[in-house]
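**Q** One structure, pasted below without further comment.
Computed from the coordinates by the stated procedures, all read-outs in this text should not be read as laboratory data. All figures in this text were calculated on a predicted structure; none of them were measured in a lab. Please note: Cβ atoms are built from the backbone with ideal geometry, for glycine as well, and neighbour counts cover all protein chains shown.
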Amino acid sequence: MTNAESPPRRRRRGFSKGRLEAFSDGVFAIAITLLVLDIAVPAGAGQHLLRSFIDEWPSYVAYVVSFSTIGAMWLGHNAVTEYLDHADATFVRLNLLFLLFVSFLPFPTRLFADFIERDSPERVAVTIYGISLLLTATLLMTLWRYAQRAGLVRPDADDQEIQLLTQRLTPGLAGYLILIVAGLFVPIVAVFGYFAIAIFYIIPFREVRPALRFWRQARHSSRPPETS
């Protein structure tokens with residue numbers, strides 16, 4: 001068979017979205033598991049086990065905040081890949097950079113847990129923590145923006161849903177910047193602010209509001225009519 005008669009090769013559309021999602025989920029799972037490995041009651045607690053357990057509260061706070069944040073980032077990443085038709089070389093490398101910061105988060109989490117309530121070191125630890133969260137959130141937004149501009153989004157994706165996802169990913173960036181500055185003065189307030197941002201991403205407020213409205217209407221309709 002001559003070259004002219006050989007069947008045309010199928011052009012590769014891009015990287016496998018399935019492998020990208022599987023690898024990313026693995027990194028998220030490892031990062032979120034590493035958080036709990038840093039929680040430990042000090043050796044030699046002895047008869048003061050309860051007091052030692054309570055004294056570890058900074059580790060619990062750091063764990064909850066970072067777990068919520070990584071969970072929120074996973075939800076955002078899942079939403080981005082859900083609308084993805086395929087991935088190109090640049091998107092895959094941006095995704096690797098994003099995962100670099102996700103897998104780094106257990107380290108600033110431990111810094112915060114170790115140096116909370118130590119004045120100057122506390123401010124440094126919380127600032128490093130906030131910058132890490134800001135960079136991670138920025139890269140997630142960059143992933144989504146690049147997917148839109150490079151034509152990687154599914155052609156059948158609803159424009160309103162795409163706009164909503166963009167709006168959901170944007171507010172946290174300004175919030176992190178504000179809280180990083182606030183952390184220089186009141187570190188613990190900044191940490192709870194980071195937790196609030198994570199909850200904003202995690203809770204589907206668009207679905208919660210109609211449910212609350214339905215519950216109120218159902219409660220109102222179940223009341224017996226007032227008698228004069």
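**Q** Hey, how many Å between the Cα centroid of the stretch 43-97 and the Cα centroid of the stretch 143-158?
**A** 26
**Q** Check each of the GluC sites (Glu not before Pro) in the stretch 114-177 and keep only those in coil by DSSP with at most 12 other C-beta atoms within 10 angstrom; list them in order.
**A** Sparse-neighbourhood loop GluC sites (Glu not before Pro): E117.
**Q** Summing Lys, Arg as +1 and Asp, Glu as -1, what charge do residues with Cβ under 12 Å from the Cβ of E117 carry, E117 excluded?
**A** Counting the neighbours of E117, the net charge comes to -2.
**Q** Give me, ordered by chain and number, the residues 5 or more places off L84 or on other chains with an amide H under 5 Å from its own placed amide H.
**A** For L84, whose amide H was placed from the backbone, the distant partners under 5 Å are R154.
**Q** In whole Hz, what ³J(HN,Hα) sequence does the stretch 68-84 give by Karplus (6.51, -1.76, 1.60; θ = phi - 60°), x for Gly and Pro?
**A** Karplus values, whole Hz, x for Gly and Pro: 5, 5, 5, x, 5, 5, 5, 4, x, 5, 5, 5, 4, 5, 5, 8, 7.
**Q** HN-Hα J couplings of the stretch 107-123 from phi, Karplus 6.51/-1.76/1.60, θ = phi - 60°, integer Hz, Gly and Pro as x?
**A** 5, x, 4, 5, 4, 4, 5, 7, 10, 5, 6, 10, 6, 4, x, 4, 5
**Q** Next question. Just in the stretch 111-201: which trypsin sites (Lys or Arg not before Pro) are loop by DSSP and have at most 14 other Cβ atoms within 10 Å?
**A** R118
**Q** With labels modelled as points extended 7 Å from the Cα through the Cβ direction, what inter-label distance (nm, one decimal) is found for L135 paired with V92?
**A** 2.4
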